[in-house]
Amino acid sequence: MAGEESVTNKQVVLKNHVSAGLPKESDMEIKETSIQLKVPEGTKDAILVKNLYLSCDPYMRNRMKKLEGSYASSFQIGSPISGYGVAKVVDSTHSGYKKGDLIWGMTGWEEYTLITAPDGLFKIQHTDVPLTYYTGLLGMAGMTAYAGFYEVCSPKKGEYVYVSAASGAVGQLVGQFAKLFGCYVVGSAGSKEKIDLLKNKFGFDAAFNYKEEPDLDAALKRCFPEGIDIYFENVGGKMLDAVLANMRVHGRIAACGMISQYNNEQLDAVHNLMYIVPKRVRMQGFIVGDFYHLYPKYLEMIIPYIKEGKITYVEDKAEGLESAPAALIGLFTGLNVGKQLVVVSHD
């Protein structure tokens, strides 16, 4: 009987939109509903998945606001929030997916999700690497680092590269890609533990704790006496201002995110924009979705690097769906070390 296939489905639901300030765990709640372990009859080209790992990403903060004119839609009050994740197909009416297939892509923050438009998902082919990597290194974060560094920044060997939020999911990879490419790399982060990681695990040439620097301009001049060729921008605000004053002629800035601004009601002003004219600086914002057609090319590069031990990836795992709200909010206070993900199920 169909009723026998009904199971409980725990969900992380948004209780209210958060326009400004740091979101709180109480802005989300854990709810339980039930779901049938089959795609509903008559639903074509859909898949039902069991979620294994969920990715916590800074851009999700903006989706907690009431958005207009954004590339991403607002989370709906009373509905499960959504984000990137790794999942296993439980049932399918789509010719491209069968039961047991592993996928990564957009899914719900819940135990089971019915995905009615699975064409934007990626089927996981390489299962001889940790599956959790598809929430980061082999997923959206990896593609963001790859597209931002190689495609947007057009690096040249020997250039001076600066990465902010350098120990995060994207930053740690940008630094390693730049080192493998033959660049000089400096990163910044917000704790001694993270600075040690940058220098000793990820191989950055130098790193500094921005919280201990009373003058960011002076810190950058100390690390880059000859200036910066490439800035991978994850932070915005005062950091961007200081970088603009320290760019070299024909420098490039890839604007990936500006995490220092996401909780601000009033955005910080940037005063040093005039430097982009005499220095002929190119500053470009980018969205990873515009580069997903390069994913096969990225895998060709990154899988051998992983297997040869040339790339290191640090993950911060929160166990259980109940821990997801705290894990997401922790991104904005620097609690995570490395890629923050949530383990929903191990199988």
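The values are calculated or read from the model by the stated rules, or taken from the named source; none is laboratory data. All of these numbers come straight from a predicted model, not from anything done at the bench. As a convention, Cβ positions derive from the backbone with ideal geometry for all residues, glycine included, and neighbour counts pool all protein chains shown. In case anyone asks, the SASA skips ligands and DNA or RNA and just uses the protein heavy atoms, side chains included. Shrake-Rupley method; radii C 1.70, N 1.55, O 1.52, S 1.80 Å.
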- Separation in nanometres of the label points that stand 7 Å from Cα toward Cβ, at Lys310 and Ser74: 4.6
- Message: Please list, in order along segment 181-192, the HN-Hα scalar couplings obtained from phi with the Karplus expression 6.51 cos²θ - 1.76 cosθ + 1.60 (θ = phi - 60°), rounded to whole Hz, x for Gly and Pro.
- Response: 7, x, 9, 8, 10, 10, x, 10, 8, x, 7, 4
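Going highest first, how would you order 164-174, 235-245, 301-311 by mean Cβ packing within 10 Å?
164-174, 235-245, 301-311
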- Message: Run the simple label-point estimate for Val129 and Lys98 please: 7 Å along Cα→C-beta, distance reported in nm.
- Response: 2.5
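What does the C-alpha gyration tensor say about the overall shape of segment 188-227? Classify as rounded when a/c is under 1.5, otherwise prolate if a/b is larger than b/c, or oblate.
Details: a/c = 4.00, a/b = 1.35, b/c = 2.95.
Oblate, because a/c is 1.5 or more while a/b does not exceed b/c.
Could you do me a favour and compute the accessible area per residue for segment 262-344, 1.4 Å probe, result in Å²?
On the way: 4420 Å² over 83 residues.
Using a 1.4 Å probe on heavy atoms only, each residue of segment 262-344 averages 53 Å².
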- Message: Checking the a/c ratio against 1.5 first, then a/b against b/c, what shape does the Cα gyration tensor give for segment 66-148?
- Response: oblate
- Zone of Phe181's modelled label, taken as backbone nitrogen in segment 254-283 under 12 Å from a point 7 Å along Cα→Cβ: 254
- Residue by residue through segment 260-265, which ³J(HN,Hα) values in whole Hz follow from phi under the Karplus form 6.51 cos²θ - 1.76 cosθ + 1.60 (θ = phi - 60°), with glycine and proline marked x? 5, 9, 5, 9, 7, 6
- Query: At what distance in nm do the modelled label points of Thr33 and Asn16 sit from each other, each positioned 7 Å from its Cα along Cα→Cβ?
  - Reply: 2.2
- For Met28, distant residues with modelled amide H under 5 Å away: Lys15
- Share antiparallel - DSSP beta bridges, segment 140-289, percent rounded to 5: 0
- Query: Quick one: length gained pulling Lys65 to Tyr275 fully straight, 0.36 nm per residue minus the C-alpha distance?
  - Reply: 72.3 nm
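If contacts are Cα pairs under 8 angstrom and at least 6 residues apart, what is the relative contact order of segment 140-289 in percent? Provide the component values of the computation, followed by the final result.
Values: 301 pairs, mean separation 33.2, N = 150.
Relative contact order, segment 140-289: 22 percent.
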- Among beta bridges assigned by DSSP with both residues in segment 63-190, the antiparallel ones amount in percent, to the nearest 5, to 70
- Note on the structure: Full extension between Ser345 and Glu25 adds, at 0.36 nm per residue less the Cα distance, a length in nm of 113.1 nm
- Extension gain Val337-Asn200, at 0.36 nm per residue separation less the Cα-Cα distance, in nm? 47.9 nm
- Note on the structure: The answer for Ser82, listing residues at least 5 apart or on another chain whose modeled amide H is closer than 5 Å to its amide H, is Trp109
- Query: Using the Cα gyration tensor of segment 140-289, with a ≥ b ≥ c the square roots of its eigenvalues, what is the shape: rounded (a/c below 1.5), prolate (a/b larger than b/c) or oblate (neither)?
  - Reply: rounded
- Message: Using only Cα atoms and rounding to the nearest 10 degrees, what angle (0 to 90) does helix 295-307 make with the longest principal axis of the chain?
- Response: 80
- Task: Work out from phi, with θ = phi - 60° and the Karplus expression 6.51 cos²θ - 1.76 cosθ + 1.60, the ³J(HN,Hα) of each residue of segment 194-204, listed in order in whole Hz, and give x for Gly and Pro.
- Result: 6, 5, 4, 4, 4, 7, 9, 9, 9, x, 4
- Note on the structure: Order by accessible surface, 1.4 Å probe, largest leading, for residues Arg61, Arg280 comes to Arg280, Arg61
- Query: Just by accessible area at a 1.4 angstrom probe, what is the order of Val161, Val337 from largest to smallest?
  - Reply: Val337, Val161
- Query: Sorted by mean Cβ packing within 10 Å, highest first, what order do the peptides 143-150, 105-112, 259-266, 321-328 take?
  - Reply: 143-150, 105-112, 321-328, 259-266
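Where does each of Lys339, Lys44 land when they are ordered by accessible area, with a 1.4 Å probe and the largest first? Please report the intermediate quantities before stating the final value.
Details: Lys339 0, Lys44 170 Å².
Accessible-area ranking of Lys339, Lys44, largest first: Lys44, Lys339.
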- Counting only residues 5 or more apart in sequence or on a different chain, those whose built amide H sits under 5 Å from that of Val314 are Lys339
